[in-house]
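To start, the structure itself, in structure tokens.
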Amino acid sequence: MVKVVFEVNGRTIELDVEPNELLINTLRNRLGLTGTKYGCGIGECGACTVLVDGEPMLSCLLLTVDVNGKRVETVEGLTSERNPGVVQKAFMEEGAIQCGYCTPGFIVMAEYMRRRNVEPVDENIKEYLKGNLCRCTGYINIYKAVRKALKAR
Ligand code: FES
Ligand code: FES
């Protein structure tokens, strides 16, 4: 076992982990942060996206030991049932959610785009979201929601 200390959604976490433990399993199974979804497990779908030191990473491909000393943000840190943020609200208003399995990954990416002040044009939105797959919505409403969130500065 290896001791790791890292921050998750503003909380300092100290854990002993196996050297091969994946971040997604630490988040979901040990920290109860089940908002981050396990889709493909091979880096193809984006459902497991989290921010590590502000950059999007696929937690199904990342070892927990590799976030030692780093700052992790999951969808739980970016959304709130009582007080929804701009991105969360835009997704609800635009009907960008069906089964919801892909939604956390899209929300994390949309928040990342907002922080980078990405221009809300289709070309950018498609480029940033090309690693996130959705089997339900046909993407139109997701793109609308992201455009709305980017405009709402
Ligand atoms: S579960 Fe990580 S990319 Fe699909
Ligand atoms: S809403 Fe079902 S996979 Fe996207």
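Calculate, in nm to one decimal, what L61 and C99 gain on full extension: separation in residues at 0.36 nm each, minus their alpha carbon distance.
Going from the current span to full extension adds 11.3 nm.
Of the peptides 18-25, 70-77, how do they stack up when ordered by the mean number of other Cβ atoms within 10 Å, highest first? Write out the running numbers ahead of the final one.
Values: 18-25: 17.4, 70-77: 20.6.
Order by mean packing, descending: 70-77, 18-25.
So what's the back-of-envelope 222 nm ellipticity for the chain, counting only DSSP H runs of four-plus at -39500 (n - 2.57) apiece and dividing by all residues, rounded to 500?
-8000 deg cm²/dmol
Applying 1/(1 + (r/R0)^6) with R0 = 30 Å to the Cβ-Cβ distance of S80 and V2, what FRET efficiency is obtained, to the nearest 0.05?
With R0 = 30 Å, the Cβ-Cβ based efficiency is 0.40.
Could you rank the peptides 121-128, 78-85, 34-41 by their average count of other C-beta atoms within 10 Å per residue, with the highest value first?
34-41, 121-128, 78-85
When only Cα pairs under 8 Å and 6 or more residues apart are kept, what is the percent relative contact order across the chain?
Working: 273 pairs, mean separation 36.9, N = 153.
Once divided by the residue count of the chain, the mean separation gives 24 percent.
For the pair E123 and E18, how long in nm is the line joining their label points, each one 7 Å along Cα→Cβ?
So the label points at E123 and E18 sit 4.7 nm apart.
Every read-out reported here was derived from the displayed coordinates using simple, explicitly stated rules and does not represent laboratory data. Note that the coordinates shown come from a computational prediction; the quantities given were computed from them, not determined experimentally. Don't worry about glycine lacking a Cβ; one is built from the backbone with ideal geometry, like all the others, and counts go over all protein chains shown.
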